[in-house]
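Colleague: Below is the structure I would like to discuss, written out as structure tokens.
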Amino acid sequence: MKKRVLTVDDSRTIRNMLLVTLNNAGFETIQAEDGVEGLEVLESSNPDVIVTDINMPRLDGFGFIEGVRRNDKYRAIPILVLTTESDAEKKNRARQAGATGWIVKPFDPAKLIDAIERVTA
């Protein structure tokens, strides 16, 4: 069965790159444009892993991660942060919020797929 990935990013370009990369690797991809939509889509999508940006309108990645982790039903879902940020303080904040891993944009498709395979194994 295909693993399901929820991607949350306000950039259409990044969403398209993720869609192509993940679908080509055999994943089922569900997308959201920001943290608010991400939390809405989460209800119906039941993903195996979440890939989220940090800098987004309405609800940023930190708030989104905290929202996911507040629900026991989603506590075990790995969350990978995909962002242009590489600041140690932000990485630590994401980890404290409940992020599983951190990938800096622009991403290497092979490394992203490898990270997803590792956290969903």
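Colleague: For N55 paired with R69, estimate the spin-label separation in nm (one decimal), with each label point 7 Å from Cα along the Cα-to-Cβ line.
Modeller: 2.3 nm
Colleague: Before rounding to the nearest 500, sum -39500 (n - 2.57) across all DSSP H runs of length at least 4 in the chain and divide by the residue total; then give [θ] at 222 nm in deg cm²/dmol.
Modeller: -14000 deg cm²/dmol
Colleague: Right, next: Give me the extension gain from Q96 to E117: residue separation times 0.36 nm, minus the current Cα-Cα distance, reported in nm with one decimal.
Modeller: 5.3 nm
Colleague: Where only protein heavy atoms count, and the probe is 1.4 Å, what is the accessible area per residue for the chain in Å²?
Modeller: It amounts to 52 Å² per residue over the chain.
Colleague: What's the carbon and sulfur percent of the chain's accessible surface, probe 1.4 angstrom, rounded to a whole number?
Modeller: The C+S portion of the solvent-accessible surface of the chain is 47 percent.
Colleague: Something else now. Per the Debye formula with a single identical scatterer at each Cα and no solvent contribution, what log10 I(q)/I(0) holds for the stretch 4-120 at q = 0.23 Å⁻¹?
Modeller: Relative scattering, expressed as log10 I(q)/I(0), comes to -1.49.
Colleague: Which FRET efficiency value, to the nearest 0.05, is calculated for S11 and I103 with the Förster distance at 25 angstrom and r the Cβ-Cβ distance?
Modeller: In this case the efficiency is close to 0.95.
Colleague: Let me ask something additional. In a Gaussian network model over the chain where Cα atoms closer than 10 Å are linked, find which of A32, A88, A76 has the largest mean-square fluctuation.
Modeller: A88
Colleague: Sticking with this one: Could you order R15, R93, R118 so the one with the most accessible surface comes first? Probe is 1.4 Å.
Modeller: Highest to lowest solvent-accessible surface, that is R118, R93, R15.
The values are calculated or read from the model by the stated rules, or taken from the named source; none is laboratory data. As the structure is a computational prediction, the values presented were derived from the model and not from experiment. All Cβ positions, glycine included, derive from the backbone under ideal geometry; neighbour counts span all protein chains shown. Remember, those area values only see protein heavy atoms, side chains included, never the ligands or the DNA or RNA. Shrake-Rupley method; radii C 1.70, N 1.55, O 1.52, S 1.80 Å.
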